[in-house]
Amino acid sequence: KRRQIILQQMRNAKVLTVGETTSGAKGVEADSFQVKVANPPQISEEKDITEAIKGALVKEFASELEISPKLSFRGDSVDADQAVREFTFRISDRTLGKNIDRPDVTDRIRGELGGVAILVQDISPPVELDDLKERLDRMRRQPEFSKSASGRLVEVFGLDPVENGKGYEAVAVTVYDPQMNYETTNAEIVDTKLAVTEWQLVSEALKSETSFEQVSSFSSAIARTLKANAVVAVVLSLLGILCYIWIRFGSLRYSLAAIVALVHDVLITVGAVALTGYIGAQTVATGGLQIEAVQIDLGVVAALLTVIGYSLNDTIVILDRIRENRGKLPLPTLAIVNSSINQTVSRTVLTSFTTLLAVLIIFVAGGTGIRPFAFCLLVGILVGTYSSVAIASPLVFTRKFSTKSPSDAELHEDGYEQSPPSALSSAGA
């Protein structure tokens with residue numbers, strides 16, 4: 001039952017292309033892919049989830065994946081401390097054999113002295129050096145080793161070749177860390193942080209059935225933290241905007257108008273993201289419009305913040321023109337708001353059109369990794385342009401001064417009131 005709950009999440013898996021992609025008759029084609037699967041809320045053990053997902057992918061794509069089998073070797077079941085005492089050696093000589101008590105081995109070590117040599121014997125089935133190097137590189141990129149074992153100089157030596165010449169039953173792996181070695185650091189510390197770590201890395205690389213370049217898992221606590229950070233980022237940005245516009249325009253009405261428009265933009269964009277879960281399931285949408293189910297991640301949050309910034313910029317332009325045109329009136333009238341919108345509409349349309357054109361190109365040709373970001377921008381820019389004109393601007397209008405306000409015909413092209421003809425004649429006389 002647990003496995004069934006886990007595998008149900010595969011229906012909503014996010015598949016992204018990695019590296020070069022091509023567009024074929026069956027859609028986007030690539031040699032490498034990244035699969036993102038959400039943790040089921042009922043299960044908290046990340047290890048169980050990871051193993052179940054890996055097993056399902058290997059079973060489904062066994063013919064397409066490059067799978068390396070598990071290997072057994074001497075010491076594969078002993079604890080790390082015993083393995084370090086029996087199978088790891090301090091490198092104090094340039095000849096490998098003198099370091100690992102194998103006089104018959106004459107290979108020269110190219111790395112610096114002070115590193116550690118790991119002896120792996122009785123490997124079954126025999127391993128080829130290229131396969132072993134690939135296993136080690138892949139394991140070094142995994143989350144449990146990527147921070148503690150990166151940046152080290154590694155060499156692999158074959159010791160006991162099999163009779164047919166394909167593979168070795170014994171190998172030696174030398175590792176040198178410039179920041180931690182027997183020449184500059186206490187030996188006990190090197191044993192703990194270098195020798196133990198490298199033995200564990202080599203053991204996992206040999207014992208694991210490798211088929212994926214990298215497997216990462218994130219706990220629900222991390223997801224909750226990212227969610228909270230995203231909400232805080234959006235709320236703080238809105239509060240900062242509220243204070244800025246209040247100070248800039250000297251009126252809380254302008255601030256509230258801008259915030260209402262921005263909240264409207266964010267809600268509509270998030271709603272569009274939610275709709276992609278249904279729309280993306282339709283064949284027409286997936287194939288023709290390239291609309292896929294979008295999951296809210298950090299990229300989508302970045303898109304929402306970008307939409308807020310873009311919409312705010314457009315809103316500020318219109319509100320600033322309204323402020324200029326109202327002159328000494330405490331608040332603008334309907335005629336002033338209408339005229340201000342007409343004066344800035346060409347700028348709004350041209351800016352939105354050119355931005356939408358660039359984002360549309362990114363959406364179509366940018367690939368699956370950036371498509372959710374581009375989709376949110378497409379929706380956000382359209383909605384943001386509308387909200388700046390039809391939501392933010394009318395909210396600063398008041399009928400209180402409508403009887404004293406100039407009509408549209410009495411406004412110059414720049415928005416300022418002109419004097420009646422009779423007043424001008426009297427002044428001239």
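Listed by first and then second residue, the pairs linking a residue in the stretch 325-339 that is at pLDDT 85 or above to a residue that is acidic (Asp, Glu) and open to solvent by 40 Å² or more (accessible area, probe 1.4 Å), with Cβ atoms under 9 Å apart and 6 or more places separating them unless they lie on different chains, are Asn325/Asp414; Asn325/Glu417; Ala335/Asp408; Ala335/Glu410; Asn338/Asp408; Ser339/Asp408.
With respect to (1) assigned to a loop (DSSP other than H, G, I, E, B); (2) open to solvent by 60 Å² or more (accessible area, probe 1.4 Å); (3) at pLDDT below 50, the lone exception for Gly415 is condition (2).
I'd like to check something: does the stretch 188-210 contain any residue that is open to solvent by less than 20 Å² (accessible area, probe 1.4 Å) and at pLDDT below 80? Yes, the stretch 188-210 contains at least one residue that is open to solvent by less than 20 Å² (accessible area, probe 1.4 Å) and at pLDDT below 80.
For the stretch 344-366, enumerate the residues that are in contact with a helix residue (DSSP H, G or I) (Cβ under 7 Å, 6 or more places away or on another chain), farther than 29 Å from Glu20 by Cβ and open to solvent by 50 Å² or more (accessible area, probe 1.4 Å). If the condition is that a residue be in contact with a helix residue (DSSP H, G or I) (Cβ under 7 Å, 6 or more places away or on another chain), farther than 29 Å from Glu20 by Cβ and open to solvent by 50 Å² or more (accessible area, probe 1.4 Å), then Arg347 is the only one that fits. Summed over the stretch 154-184, residues that are of a type in the set (S, T, N, Q) and either within 14 Å of Thr88 (Cα to Cα) or crowded, with 16+ Cβ neighbours inside 10 Å (or both) total 2. Of the residues making up the stretch 268-316, those that are open to solvent by 70 Å² or more (accessible area, probe 1.4 Å), touching a helix residue (DSSP H, G or I) at 6+ places or on another chain (Cβ under 9 Å) and either at pLDDT 85 or above or small (Gly, Ala, Ser) (or both) are Ile268, Asn313.
The set of residues in the stretch 367-395 being open to solvent by less than 50 Å² (accessible area, probe 1.4 Å) and not in a helix (DSSP H, G or I) consists of Gly367, Thr368.
Scanning the stretch 317-328 for residues that are open to solvent by less than 40 Å² (accessible area, probe 1.4 Å) and either among the hydrophobic types (A, V, I, L, M, F, W, C) or on the phi > 0 side of the Ramachandran plot (or both) yields a total of 3.
The values are calculated or read from the model by the stated rules, or taken from the named source; none is laboratory data. Keep in mind that this is a model prediction, so the values were computed, not measured. Ideal geometry is used to build each Cβ from the backbone, glycine not excepted, and the neighbour counts take in all protein chains shown. Just the protein is used for accessible areas: all its heavy atoms, side chains included, with ligands, DNA and RNA removed. Shrake-Rupley method; radii C 1.70, N 1.55, O 1.52, S 1.80 Å.
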